[in-house]
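This report concerns only the one structure given below.
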Amino acid sequence: MELSNIIAGLWRQPEWDLEGARLAGWARRALDLGIDTFDLADIYGGYTVEESFGAALRADPGLRQALKLITKCNIKLVSERRPAHLRHGYDSSRAHIIESVEQSLRALGTDHLEMLLLHRQDPLMDPDEVAAAFSELEASGKVLAFGVSNFTPSHLEALQSRLAWPLVTNQVEASVLHLEPFTDGTLDQALTRRFRPMAWSPLGGGRLFSGGGEREVRVRTAAEGVAAELGVTVDAVAYAFLLRHPARVRPITGSGKLERLGAAVRATEISLSRDQWFDLWTASTGAPLP
Ligand SMILES: NC(=O)c1ccc[n+]([C@@H]2O[C@H](COP(=O)([O-])OP(=O)(O)OC[C@H]3O[C@@H](n4cnc5c(N)ncnc54)[C@H](OP(=O)(O)O)[C@@H]3O)[C@@H](O)[C@H]2O)c1
């Protein structure tokens, strides 16, 4: 299955003042820009975002078949929408995964998900149980592909060892302000296994623009320099920084503003030189290359 190089994230949708037909219109414009994949999770908005996106899909009946849905499970939040959850915790049991997917399908008003991710590394994850749940969901056609999020490479390998088919992604925090995946083995594993990782908070959750710390100011200044050289915006430079990596990272946008999604797509049309890339890297680390 091919996903767009840029994925539209819906975590912040409750802040956007976009519901129903207007949210459907937003998704249509994202499709027009070339973004066909939308990232959700059961817990987003305190278990409300899947329902909101489901209402948008119902408002525009042709929309569902034009786009690809990713959702996640295994975090349990205390919420009046989930009275059975007595504590904040993680649950990667077979029963919870199946139940969570059934609820996501109902909320979204669809009979399948293009991709399901385990949301967080769970110290009590039993790979055999997850494999049983994934196999069941795959056999029933309810989920087409499976991945993980925020997993260390070794945790991913433990799960992969029980699966008959490859996990297709690890969705992790990665940006010019969060370089750990570049050096902790996360992106190396993606290269080794030939899957494409996804990067959440690709603009540092907005800190690239608003952050007043020394690191943020250094990175913003460097990104402004590269942006001026290439004739693009600072956000496009931050996306291009991720896209330049040979693991072919897919950035996940967080904005409801279409011009900001447009900047992410623009980044797929440029390529940072090695000099530009390492200028950003050293601005972020605050130290010259060894
Ligand atoms: N798997 C996980 O554990 C996990 C965790 C977190 C997030 N995610 C996924 O990743 C997606 C993206 O995360 P994120 O929202 O943190 O991404 P982000 O793009 O790093 O941050 C988005 C924030 O940056 C602001 N912003 C964007 N462009 C801007 C610009 N040009 N100037 C000033 N501010 C700008 C946005 O404001 P505006 O809204 O005003 O544009 C928004 O507040 C989420 O929607 C979710 O799907 C996954």
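Things worth noting here:
- Electrostatic bookkeeping for Leu177 treats Lys and Arg as +1 and Asp and Glu as -1; over the other residues with beta carbon under 15 Å from its beta carbon, the sum is -3.
- As a rough footprinting exposure proxy, the listed residues Lys142, Lys72 were ranked by other beta carbons within 10 Å of their own, and the order from fewest upward is Lys142, Lys72.
- Contour minus Cα-Cα distance for Glu214 and Asp275 (0.36 nm per residue): 19.8 nm
- Rounded to the nearest 5, the antiparallel percentage of DSSP beta bridges internal to segment 1-161 is 15%.
- Gaussian network model of the chain, Cα within-10 Å springs - most flexible of Gln103, Gln65, Gln121: Gln65
- Here the extension length gained between His112 and Glu259 equals 49.9 nm, from 0.36 nm per residue of separation less the Cα-Cα distance.
- Which of Tyr239, Tyr44 has the fewest Cβ neighbours within 10 Å, and the rest in rising order: Tyr44, Tyr239
- Spin-label model, Leu289/Ala84: points 7 Å from Cα along the beta carbon direction are separated by 5.3 nm.
- Based on C-alpha pairs under 8 angstrom that are at least 6 apart in sequence, segment 206-250 has a relative contact order of 21 percent.
- Relative contact order for segment 1-161: 19 percent, from Cα pairs under 8 Å spaced at least 6 residues apart, divided by residue count.
- Taking a point 7 Å out from the Cα of Leu124 in the direction of its Cβ, the residues of segment 65-84 whose backbone N falls within less than 15 Å of it are 74-78.
- Antiparallel beta bridges, as assigned by DSSP with both residues in the chain, represent about 15 percent of the total such bridges.
- For the pair segment 189-204 / segment 103-133, the C-alpha centres are spaced 19 Å from each other.
- Computed [θ] at 222 nm, helices only, for the chain once each DSSP H run of length n ≥ 4 contributes -39500 (n - 2.57): -13500 deg cm²/dmol
Just so you know, all these numbers are worked out from the coordinates, no wet-lab data involved. Computed from a prediction, not measured in an experiment: that's the story for all the values here. Reconstructed Cβ throughout: ideal geometry from the backbone, glycine too, with neighbour counts over all protein chains shown.
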